[in-house]
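Written below as structure tokens is the structure these notes are about.
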Amino acid sequence: MTKKVLVAGVAGFIGSNLAERLLKEGYEVVGIDNLAYGIPENIPQGVDFHKVDIRSNDIYSLFDGVDVVFHLAAKNDLSACQKDPVETMDINVHGTTNVFEAAKRAGVRKIVFASSSAIEEGEARLNGFYAIGKVTDESIAKGYREAFGLHFVALRYFNVYGPRQDYRRVNPPVVSAFIIKLLKGEQPVLYEGYDENKRDFVYVDDVNDFHLLCLKDDQVNDRMFRLGMGRSYSMKEVYDAVRAVVGSNVEPIIQSRKPEDTAAVTLADIRDAVAVGWTPKTSFEEGLKAQLEFLKGEFAKGNVK
Ligand SMILES: NC(=O)c1ccc[n+]([C@@H]2O[C@H](COP(=O)([O-])OP(=O)(O)OC[C@H]3O[C@@H](n4cnc5c(N)ncnc54)[C@H](O)[C@@H]3O)[C@@H](O)[C@H]2O)c1
């Protein structure tokens, strides 16, 4: 029998890639999103899509007959979260609780949800409202497990990149920002400290490999996993890798930045994820090429301003 899964945040970057993969694997996919940040054209054909807010009671009936829920909906632009703590908590904490409640009421087998590496990026990040919300989400998951027996998997994604990454936001993620500037023939900005500022990146298909593992394997239940490549790249290395796949020799503009705006070095401890049979398979070069092709397509459609 075809299993039904629900993806919250299906019009976003990771959610849309996940939905596409689930459909290919033969799952029936219900998708919800309020389209606050995601866009309808991201939603793969075949998804039973409902435009609805995760904070609304209207989501409850959509969970009927669902085997596993993937909860990826969130307000996640860090500076926007800092500017509006009330809305951040409303969506990321109240909304998340409502998704857990809907899953509980419908007798869902397991809920896999997006936490974040922001929890591990130093004191300043940890005290930011986005990370506070994610820490709280991990506690909510434990609360629902304790009180109602609802199984969860908490996933601390590190820097996820790949096609459909949300390049439209005011501060686009670094890979998209570099590729877009270079395709426009403009100079990208590198901030001082670019050799020391290292981040762990992970390609979206590799993240989806773990999502699929969560569907099939119960040894992941009620645990937290970190998903990264298990190696960090400095901003200079990212820049050089992007420049190589784009085939550009443009030099960056070097600017200074306030120390508090720079995240701590990230390096995912992926040992637990590897121990359950997962490996990040995509090389940085392969992943960047796929993201480049996607962005070239966006230029061709006139979507990049
Ligand atoms: N992309 C990354 O590198 C990364 C890293 C760590 C954690 N995460 C987490 O992973 C999840 C997915 O991230 P993404 O990069 O795909 O983000 P995204 O912004 O592309 O997707 C999030 C989706 O959630 C939807 N959404 C927001 N508020 C909603 C609401 N109230 N009701 C219904 N839908 C709502 C948005 O419209 C959007 O389509 C998020 O929870 C994010 O915090 C992402």
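The values are calculated or read from the model by the stated rules, or taken from the named source; none is laboratory data. Not measured: the values here are computed from a predicted model. When we count neighbours, we look across all protein chains shown, and the Cβ atoms used for this are built from the backbone with ideal geometry, even at glycine. What goes into the accessible areas is simple: the full protein's heavy atoms, side chains included, and nothing from ligands, DNA or RNA. Shrake-Rupley method; radii C 1.70, N 1.55, O 1.52, S 1.80 Å.
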Ile119 meets each of (1) under 20 Å from the mean Cα position of the chain (by Cα); (2) among the β-branched types (Val, Ile, Thr); (3) surrounded by fewer than 21 Cβ atoms within 10 Å (Cβ to Cβ); (4) more than 10 Å from the ligand (Cβ to nearest atom) with one exception, condition (4)
Only one of these is among the aromatic types (Phe, Trp, Tyr) and either open to solvent by 30 Å² or more (accessible area, probe 1.4 Å) or assigned to a helix (DSSP H, G or I) (or both): Phe294, Phe201, Phe225. Name it.
-> Phe294
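Let's see how each residue does on (1) more than 28 Å from Leu22 (Cβ to Cβ); (2) of a type in the set (A, V, I, L, M):
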{"position": "Asp206", "(1), (2)": "no, no"}
{"position": "Leu213", "(1), (2)": "no, yes"}
{"position": "Arg226", "(1), (2)": "no, no"}
{"position": "Ser256", "(1), (2)": "yes, no"}
{"position": "Ala264", "(1), (2)": "yes, yes"}
{"position": "Val276", "(1), (2)": "no, yes"}
{"position": "Thr282", "(1), (2)": "no, no"}
{"position": "Phe294", "(1), (2)": "no, no"}
Asp209: touching a Gly at 6+ places or on another chain (Cβ under 8 Å) and closer than 27 Å to Glu298 by Cβ, yes or no?
-> no
Report, ordered by the first and then the second residue, all pairs with beta carbons closer than 9 Å, sequence separation of six or more or different chains, a first member in the range 35-49 that is acidic (Asp, Glu), and a second member that is within 7 Å of the ligand (Cβ to nearest atom).
-> Glu41/Ala11
Residues being in a strand (DSSP E or B), under 17 Å from Ala74 (Cβ atoms) and either more than 16 Å from the ligand (Cβ to nearest atom) or in contact with a Phe, Trp or Tyr (Cβ under 7 Å, 6 or more places away or on another chain) (or both): count how many of those fall in the range 98-116.
-> 5
Matching residues, the range 191-208, being in contact with a Lys or Arg (Cβ under 7 Å, 6 or more places away or on another chain) and either within 17 Å of Arg243 (Cα to Cα) or free of Cβ contacts under 8 Å to residues at least 60 places away in the same chain (or both) | Tyr191, Tyr194, Asp195
The lone exception for Met235 - which of (1) under 16 Å from Asp200 (Cα atoms); (2) loosely packed, with under 14 Cβ neighbours inside 10 Å; (3) not small (Gly, Ala, Ser) it fails = (2)
Check Ala264 against each of (1) aliphatic (A, V, I, L, M); (2) farther than 28 Å from Phe100 by Cβ; (3) free of Cβ contacts under 8 Å to residues at least 12 places away in the same chain and name the one condition it does not meet.
-> (3)
What single numbered condition from (1) buried (at least 18 other Cβ atoms within 10 Å of the Cβ); (2) within 18 Å of the chain's Cα centre (by Cα); (3) more than 25 Å from Lys296 (Cα to Cα); (4) hydrophobic (A, V, I, L, M, F, W, C) fails to hold for Val220?
-> (2)
Considering each residue of the range 22-57, count those that are open to solvent by 50 Å² or more (accessible area, probe 1.4 Å), within 11 Å of the ligand (Cβ to nearest atom), farther than 17 Å from Arg164 by Cα and not basic (Lys, Arg), and give that number.
-> 2
Phe178 passes all but one of the listed conditions (1) surrounded by fewer than 22 Cβ atoms within 10 Å (Cβ to Cβ); (2) more than 14 Å from the chain's Cα centre (by Cα); the exception is number (1)
On the given criteria, is Ala114 surrounded by 22 or more Cβ atoms within 10 Å (Cβ to Cβ) and under 25 Å from Leu215 (Cβ atoms)?
-> yes
Counting only residues that are open to solvent by 50 Å² or more (accessible area, probe 1.4 Å) and within 12 Å of the ligand (Cβ to nearest atom), how many does the range 130-152 have?
-> 0
Within the range 252-305, which residues are modelled with pLDDT of 95 or more, out of contact with any strand residue (DSSP E or B) (no Cβ under 9 Å at 6 or more places or on another chain) and of a type in the set (S, T, N, Q)?
-> Thr279
Among the candidates Val204, Val175, Val189, residue that is under 23 Å from Leu292 (Cα atoms) and out of contact with any Leu (no Cβ under 9 Å at 6 or more places or on another chain) = Val189
